[in-house]
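The values are calculated or read from the model by the stated rules, or taken from the named source; none is laboratory data. All values derive from a computational prediction rather than experimental measurement. Here the Cβ positions follow ideal geometry from the backbone for every residue, glycine too, while neighbour counts run over all protein chains shown.
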Amino acid sequence: MAFARRATAEVADSRYLVTSLSPRSVVGEAYRILRTNLQFLSLDKPLRHLVVTSAVPGEGKTLTAANLAVVEAQAGKKVIAVDADLRRPALHRRFELPGNTGLTTWLAGGAQLPDMLQPTVLPNLHLLASGPIPPNPAELLGSSRMQELMAQLSDAADLIIWDTPPAIVVSDASVLATRADGTLLVVRAAQEPYFSVKRAKEQLQQVGARILGVVLDAVPSGGGSDYYHSHYHYYYYYGGQHRKKR
């Protein structure tokens, strides 16, 4: 199981993609380390579908999904970032793209998949926005149409990253996690009570989700508020041993 800990500061929406705007920053490096360790956790079977979720809202799951998609694309993979938060979609805003058509449009049978994929900051990174908010998100995500979509996405990209709603708020993340190759749980430092994180972990495990690790977000740097120069720590657990990088 991999654990990441990353220092951040509040910034405007247009600067959220630090991995694209400042790829050599320490924060960008933290995402690249996360990317590397995900590769080590999937040597036998490469990840194709990765769910990113959190216990409750406001923990940075969308930020993590967007930046991880960028560093994976920078490494040469064909990546599709999917906004599967069909209740409060926000992923399209991280890429400054429209979100009025996308996932739910395709599920409703209203379009061809290539027409729904929007190019982003990198030529091999595309966004599948949420589309119109439906009255029954969990049912849509668990439908046979969704299974068909996941198969088509697998043919179109090397990695599909799914931004989903918080795990203990609604069942959507659990529904998708049962069909994905792995799940990342994003936790905001010094904010979320332990019991909420524990409950999210247990809920995902109960449906058979493969939890790859935890990303600890917004860790105070202890050295000022500079977004690009604050230091970070990275922790991960793998193969029965704890390791620490500084």
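Summary table
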{"quantity": "From Gly76, Gly131, residue being crowded, with 23+ Cβ neighbours inside 10 Å and either free of Cβ contacts under 8 Å to residues at least 12 places away in the same chain or more than 17 Å from the chain's Cα centre (by Cα) (or both)", "calculated": "Gly131"}
{"quantity": "Test: residue in the stretch 59-79 that is at pLDDT 95 or above, of a type in the set (D, E, K, R) and in a strand (DSSP E or B)", "calculated": "no"}
{"quantity": "The stretch 90-114, residues that are assigned to a loop (DSSP other than H, G, I, E, B) and either under 20 Å from the mean Cα position of the chain (by Cα) or over 20 Å from Gly142 (Cβ atoms) (or both)", "calculated": "Ala90, Phe95, Glu96, Leu97, Pro98, Gly99, Asn100, Thr101, Gly102, Ala111, Gln112"}
{"quantity": "Matching option when the condition is without any contact (Cβ under 8 Å) to a residue 60 or more places away in the chain and of a type in the set (A, V, I, L, M), among Leu47, Leu34, Leu43", "calculated": "Leu43"}
{"quantity": "Which listed residue is at pLDDT below 95 and under 18 Å from the mean Cα position of the chain (by Cα), from Ala189, Ala157", "calculated": "Ala189"}
{"quantity": "Val70 vs. criteria surrounded by 24 or more Cβ atoms within 10 Å (Cβ to Cβ), within 20 Å of Gly213 (Cα to Cα) and β-branched (Val, Ile, Thr)", "calculated": "yes"}
{"quantity": "Unique residue being part of a loop (DSSP other than H, G, I, E, B), of a type in the set (Gly, Ala, Ser), modelled with pLDDT under 95 and surrounded by 13 or more Cβ atoms within 10 Å (Cβ to Cβ) when the list is Ser221, Ser196", "calculated": "Ser221"}
{"quantity": "Pick from the stretch 115-142, criterion in a loop (DSSP other than H, G, I, E, B) and in contact with a strand residue (DSSP E or B) (Cβ under 6 Å, 6 or more places away or on another chain), ranking: modelled with the lowest pLDDT", "calculated": "Thr120"}
